[in-house]
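Okay, structure first, notes after.
The values are calculated or read from the model by the stated rules, or taken from the named source; none is laboratory data. These numbers were taken from a predicted model, which means no experiment stands behind them. Cβ sites come from the backbone with ideal geometry, for glycine too, and all protein chains shown count toward neighbours. Ligands, DNA and RNA are excluded from the accessible area calculation, which covers all protein heavy atoms including side chains. Shrake-Rupley method; radii C 1.70, N 1.55, O 1.52, S 1.80 Å.
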Amino acid sequence: MDHFHYAGHALYCEGVPIAELAATYGTPLFVYSKKTLLHHLHQLQRAFAAVEPLICYSIKTNPNLAICRLMRENGTGFDVTSGGELFRALQAGGAPERIVFAGVGKTDREMVEALDANILMFNVESEGELAALSELTAGRHQSVRIALRVNPDVDPKTHAKTTTGKRGTKFGLDWERVEKIAAALVKHRHVELVGIHMHLGSPIYSTEPYRAALERAVPLIETLRRQGHDLRYLNMGGGFGIHYRKQEALSADTFAGVIVPAVQEARCRLILEPGRFIVGNAGILVSRVLYVKDSGGKRFVIQDAAMNDLIRPTLYDAFHRIWPVEPPAEVPAPPEDYETPLPHTQLVDIVGPVCESGDFLARDRWFPEVKRGDLVAIFSAGAYGMAMSSNYNGRCRVAEVLVDGDKHRLIRRRETYQDLIRPELEV
Ligand code: LLP
């Protein structure tokens, strides 16, 4: 469920017409719905309530401070993956005791910053990292809590570039080696092993990978306890899929149905690191058609958003629903699967102005006739949209707006040309 809906041939976010936002803030524009963000967060909170999870919003998904603050005000901690994200989490008022830090390449500086902040725990991904963290901690006469990030060798059946829980990716420690690594940590003077962490990949559309991973996790936790560790946390990462094409996502309850009993069996506090599930369907990218061009037997709708604003179609061949903000009366609604041709639609590529043929937001889509100046909505763009945007081709990063009922507020201004050159040093 989200709060983007058509009424009288116009798209609304909650109570605000998208056309009004485009007129006020310009395009391209990311528009987020506060109700949708909170709806998804509350779904997770309710589904997992039986085990009182610590939900650490995964900042990488959408790092805007206003969104991070909203998450924090509604009870989340944060999953950070760099010093920059830790800084952001703290700026958003995040409590250090609710921050976890993952990543295969933490630098000394980043580890020191996290030790300074005294975060809840590090998710440690290699023996080398463990040695470095232990050394840094000893030098500070401090102790540190860690979870070992375990690679359970489970196929999450998602895109190869976002598969993490399978052997052969750079993530985590081979699960067969964890016991030995943990054994060396018993009675360690500075490092306290308090949990295990598994993030399998993203987005995931089945409970099976979680079930398979938990089948490894639960006995492993018991083994580590027998070694003498006070294992208190089981962190299952993020990964819950969302609606990109139609209503294909599993509910939070469905995932909880598999995860909660295992957590109870393991007698651990559950940590989750959801990102996409919360913010993905809560954001759209709004663009304006510049030109419609027929070339090489194809029709191209050239609009002002591009791969630098939303790279997912280019990078992962990801599918995002796209439809005019004010569709013509003859085709008010898209085909359910976005693939079946409807009367008064034509097959088009929806592309941006960037100088690469990989710059597309959709290929071979049945789309109503649009003309210069029309607005287009690219749906399910709240996760890994703005977060992965760049200034490629000298393009200013776009503005972001948060809608709350019939109110709206700019939460990031559009960049200017001056912003583009500001960090550069003249020689
Ligand atoms: N925890 C860890 C350790 C992660 O690596 C990730 C995502 C998450 C949590 C959050 O996963 P989520 O709940 O959002 O699925 N750019 C790609 C997705 C990359 C995911 C990276 N890690 C995309 O646009 O599909």
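Here is how the numbers come out for the structure above:
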| quantity | calculated |
| --- | --- |
| Check on Y57, open to solvent by less than 20 Å² (accessible area, probe 1.4 Å), within 13 Å of the ligand (Cβ to nearest atom) and in contact with a Leu (Cβ under 9 Å, 6 or more places away or on another chain) | yes |
| Selected residue (criterion: farthest from the ligand (Cβ to nearest atom)) from residues of segment 292-333 that are among the acidic types (D, E) and more than 23 Å from the chain's Cα centre (by Cα) | E330 |
| Test: V100 is at pLDDT 95 or above, touching a strand residue (DSSP E or B) at 6+ places or on another chain (Cβ under 7 Å) and at negative phi | yes |
| Filtered residue count, segment 137-150, keeping only those that are more than 17 Å from V186 (Cβ to Cβ), of a type outside the set (S, T, N, Q) and not in a helix (DSSP H, G or I) | 4 |
| Residues within segment 122-152 that are closer than 14 Å to H199 by Cβ and touching a residue at least 60 places away in the same chain (Cβ under 8 Å), tallied | 4 |
| Segment 266-317: number of residues that are among the hydroxyl-bearing types (S, T, Y) and open to solvent by less than 10 Å² (accessible area, probe 1.4 Å) | 1 |
| Filter pass, P63 being farther than 21 Å from A383 by Cα and touching a residue at least 40 places away in the same chain (Cβ under 8 Å) | no |
| Condition broken by K246, with the remaining ones in (1) within 26 Å of C13 (Cα to Cα); (2) in the same structural domain as A183 (by TED's automatic domain parsing); (3) within 15 Å of the ligand (Cβ to nearest atom) satisfied | (3) |
| Single match in L148, L115, L173 (criterion: more than 21 Å from the chain's Cα centre (by Cα) and either under 30 Å from A66 (Cβ atoms) or not assigned by TED's automatic domain parsing to the domain that holds N235 (or both)) | L115 |
| Qualifying residues in segment 141-168 (those that are within 14 Å of the ligand (Cβ to nearest atom) and open to solvent by less than 10 Å² (accessible area, probe 1.4 Å)) - the one farthest from V100 (Cα to Cα) | P156 |
| Residue among P341, P335, P368 that alone is at pLDDT below 95 and in contact with a Ser or Thr (Cβ under 9 Å, 6 or more places away or on another chain) | P335 |
| Members of segment 86-123 found to be closer than 24 Å to V279 by Cα, surrounded by fewer than 22 Cβ atoms within 10 Å (Cβ to Cβ) and within 13 Å of the ligand (Cβ to nearest atom), listed by number | G103 |
| Selection count, segment 333-377, where residues are in contact with a helix residue (DSSP H, G or I) (Cβ under 9 Å, 6 or more places away or on another chain) and closer than 17 Å to V31 by Cβ | 3 |
| Positions within segment 200-218 being open to solvent by 40 Å² or more (accessible area, probe 1.4 Å) and out of contact with any helix residue (DSSP H, G or I) (no Cβ under 9 Å at 6 or more places or on another chain), in sequence order | Y205, S206 |
| Evaluation of Q43 against (1) of a type in the set (S, T, N, Q); (2) in contact with a strand residue (DSSP E or B) (Cβ under 8 Å, 6 or more places away or on another chain); (3) in a helix (DSSP H, G or I) (one fails), failing number | (2) |
